[in-house]
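The values are calculated or read from the model by the stated rules, or taken from the named source; none is laboratory data. It should be emphasised that the depicted structure is a prediction, and the values quoted were computed from it without experimental measurement. When we count neighbours, we look across all protein chains shown, and the Cβ atoms used for this are built from the backbone with ideal geometry, even at glycine.
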Amino acid sequence: MNTTRDYRRTFLAMGSVMDITPLGDYSEFMPKGTASQRMYSTWSSVGKSLKKATKNYEKNETRHA
């Protein structure tokens with residue numbers, strides 16, 4: 001009867017140990033560059049997207065007019 005409960009506790013303990021010592025290297029997912037560089041990059045991408053959307057909108061508007 002108690003063996004299933006002991007296995008359950010063992011599996012829970014194994015999970016918590018795996019949280020403490022992960023299997024992979026997560027450094028590749030960390031942000032690169034300073035905060036200023038990352039903000040500049042993000043806003044630059046936003047600007048490019050807005051320019052592209054504006055051009056597409058103007059192109060579609062002239063077709064329908």
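Residue by residue through segment 24-37, note down the ones that are surrounded by 10 or more Cβ atoms within 10 Å (Cβ to Cβ) and in a helix (DSSP H, G or I). Full working, then the answer.
First, the residues of segment 24-37 that are surrounded by 10 or more Cβ atoms within 10 Å (Cβ to Cβ): 33, 37.
Selection gives GLN37 alone.
For every residue, the table says whether it meets (1) modelled with pLDDT of 70 or more; (2) part of a helix (DSSP H, G or I).
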site	(1), (2)
THR3	no, yes
ARG9	yes, yes
PRO22	no, no
MET39	yes, yes
